[in-house]
Amino acid sequence: MNQELPHDADVVVIGTGAFGLSVTAHLARLGVRRVVALDRFKIASQTSPRAAGLFKLVQADELRTRLARLAVDTVRNFDVEFGVPVPFVHSGSLMLARTDRHSRLIEEEVGAAQRWGVEVELISAQEASRLAPYLEPEEIRQAAYVPGDIYIEEPASLLEAYYTAAVRLGATVVGDVPVIGIQVQNGAIRAVETPLGQIRTETVVDAAGAWVRQVSQLAGVDIAVLPMRHQLAITHPIPGIEATYPITRVFDAAVYVRPCRNGLMWGGFESDPLPLDPANREHDFCIELVPLEFRVLERCAELVRRVIPSLLDAAVQEHRGGLFTMTPDGRFIAGPVPKVRGLWVLSGCNGSGFSFSPALGRLLAEWIVGGAPSIDLGPLAPGRFVGAIDPGVLVERAIFQYTHYYEPLES
């Protein structure tokens, strides 16, 4: 580590994944002159570049629906606002069900989304197959089409856009520099400690992904977040697959599929997931050391083989995995931490952090700079999960939220 760090900063952002880089770029855009983003690893190297890149307008509640719409709008207008293009595919998406219960769930989500202003409609199984010719319609009982959904082919391209925008606007973004301490005096942030020295600051944003809880503990705060493994695979090219074919989500199998590199990408929310807290691993643990099990994805492909048979027939060119930060209620954590002035948290991706990062980074920056975000983030307040946390309850709730990703129910 031979890079010099500033001795003072207006804001220090810890973590350079999608959340950290988004809030860094948006802070710089709002005129914060001295923004420093730090990462213990190489910049944008952990979970975010391993994301599926899916943006989903139909959400479980009105707040997340508004955030999803803002995220899509931000990606579409990124070149206008920041002068940096973000490549995306306007594909639309399909929601499919093969059981009566999941059919009703889709009907309920469509009705709610329409009330909240999302363009979405119920369609026939044959129409779904026409839109996405990789689908076999026979077993589909219910289908809905969301024309406004998009995806980003290679998630790293959004991270590169955030980074380029932030640096052009004067932010300092540094990798391979761990934060080893956070000074708190009289209940307020005073400085961040690194092996390269101290950075004096009164504002810290903890956006450290799977390490977010460990970072917050440096400031004397414990936040209920549990990392959970998630995996996906990308096939070699499949004849006839077009990039503009819609994303497909099969609700009853908890499996998603989209075009990727002239083939298909798929992933799924397994019923027996693997919690994986870096605090319980070796000090040098990183995303490359997350244990992968392709049999999990084989089971997902088997679950949908009669609807998407090409998944089992095509050879796989990439198998990758990352860590979702799960919360007990399945919602993001965004905002100031009570009792420690100047400490902010942006975490709790719950499987959607990458696609919500354009919105949440923007809103948190607005909040820090202007005193309030343009969309009320009160329901996402970190204070709801600060304090004594029973480890068993956290694991139980996090697993529940992961396994019910497509069934947003209360346990």
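Using only the Cα atoms of the stretch 266-411, what are the Rg and Dmax in Å?
Cα-based Rg and Dmax for the stretch 266-411 come out at 18.0, 55 Å.
Can you tell me the dipole magnitude for the chain around its Cα centre, using point charges on the Cβ only (Lys, Arg +1; Asp, Glu -1), in Debye to the nearest 20?
Details: 37 positive and 48 negative charges, 133 e Å.
With Lys and Arg at +1 and Asp and Glu at -1, about 640 debye.
Need one number: % antiparallel among DSSP beta bridges in the chain, to the nearest 5.
Numbers: 47 of 66 bridges.
The answer is about 70 percent antiparallel.
I need 238, 287 ordered by Cβ neighbour count within 10 Å, fewest first.
Working: 238 17, 287 20.
Lowest to highest Cβ neighbour count: 238, 287.
Using a 7 Å offset from Cα along Cα-Cβ at residue 222, what residues in the stretch 167-182 end up with backbone N under 20 Å from the label point?
Counting backbone N atoms under 20 Å from the label point, the list is 181-182.
On full extension of the chain, what length is gained from residue 198 through residue 119, given 0.36 nm per residue of separation minus the C-alpha to C-alpha distance?
Numbers: separation 79, 0.36 × 79 = 28.44 nm, distance 4.98 nm.
Computed gain between residue 198 and residue 119 is 23.5 nm.
Loop-only GluC sites (Glu not before Pro) in the stretch 279-336, please: DSSP not H, G, I, E or B, and at most 14 other Cβ atoms within 10 Å. Walk me through the numbers on the way to the answer.
Details: sites: 282, 288, 293, 298, 302, 318; in loops: 282, 293.
When the GluC sites (Glu not before Pro) of the stretch 279-336 are filtered for loop state and at most 14 Cβ neighbours within 10 Å, 282, 293 remain.
If I take the Cα coordinates of the chain and project them onto the principal axes, what are the three extents in Å, biggest first?
Reported extents, whole Å, longest axis first: 64, 47, 41.
Expressed in whole Å with the largest first, what are the equivalent ellipsoid semi-axes of the stretch 130-174 derived from the C-alpha gyration tensor as the square root of 5 times each eigenvalue?
On the way: eigenvalues 328, 21, 13 Å².
They are 41, 10, 8 Å, listed largest first.
Taking loop as defined by DSSP and a crowding limit of 13 other beta carbons within 10 Å, which trypsin sites (Lys or Arg not before Pro) in the stretch 38-71 fit?
For trypsin sites (Lys or Arg not before Pro) across the stretch 38-71 that sit outside H, G, I, E and B with at most 13 neighbouring Cβ atoms in 10 Å, the list reads 42.
Once you put a point 7 Å from the Cα of residue 79 and another 7 Å from the Cα of residue 396, both along the Cβ direction, what distance in nm separates them?
So the label points at residue 79 and residue 396 sit 5.2 nm apart.
Name the long-range amide H neighbours of residue 37: under 5 Å, sequence gap of 5 or more, or other chain; modelled H, no Pro or chain starts.
Distant-sequence amide H within range of residue 37: 13, 172, 173, 174.
Can you pull the three principal axis extents for the Cα set of the stretch 77-184, in Å, largest first?
So the three principal-axis extents are 56, 35, 28 Å.
Let me have the 222 nm mean residue ellipticity of the chain computed from DSSP H runs of 4+ only, each contributing -39500 (n - 2.57), with the sum over all residues rounded to the nearest 500.
Working: 11 runs with 120 residues, N = 411.
For the chain, the value works out to -9000 deg cm²/dmol.
log10 I(q)/I(0), Debye, Cα-only the stretch 1-110, no solvent, q = 0.21 Å⁻¹?
-1.28
Over the alpha carbons of the stretch 156-246, what is the largest minus smallest coordinate on each principal axis, giving the biggest first in Å?
For the stretch 156-246, the Cα spread along each principal axis is 63, 34, 23 Å.
Using alpha carbons only, how many degrees (0 to 90, rounded to 10) separate the axis of helix 18-29 from the longest principal axis of the chain?
The two axes meet at around 60 degrees.
Give the angle, between 0 and 90 degrees and rounded to the nearest 10, that separates the Cα long axis of helix 353-370 from the longest principal axis of the Cα atoms of the chain.
That works out to roughly 40 degrees.
At 7 Å along Cα-to-Cβ for each site, give me the label-to-label distance between residue 186 and residue 286 in nm.
Going by the 7 Å Cα→Cβ label model, 4.1 nm.
Using only the alpha-carbon atoms, how far is helix 391-403 inclined from the longest principal axis of the chain? Give it as 0 to 90 degrees, nearest 10.
Computed tilt is about 40 degrees.
Amide H of residue 318 versus every other amide H placed in the peptide plane: which residues, excluding those fewer than 5 positions away on the same chain, fall under 5 Å?
Sorted by chain and number, the residues that satisfy this are 234.
How high is the FRET efficiency between residue 127 and residue 156 when r is their beta carbon distance and R₀ equals 41 Å, given to the nearest 0.05? Walk me through the numbers on the way to the answer.
Values: r = 34 Å, r/R0 = 0.83.
Efficiency, from the Cβ-Cβ distance: 0.75.
Given 25 °C and 0.890 mPa s, compute D for the stretch 55-120 with the Stokes-Einstein relation, Rh being the Kirkwood radius over Cα pairs; round to the nearest whole µm²/s. Can you show the working numbers first?
On the way: Rh = 13.3 Å.
Value of D from the Cα-based Kirkwood radius: 184 µm²/s.
Read the figures in this text as sums done on the coordinates, not as results from a lab. Not measured: the values here are computed from a predicted model. Quick reminder, even Gly has a Cβ in these numbers, built from the backbone with ideal geometry, and neighbours come from all protein chains shown.
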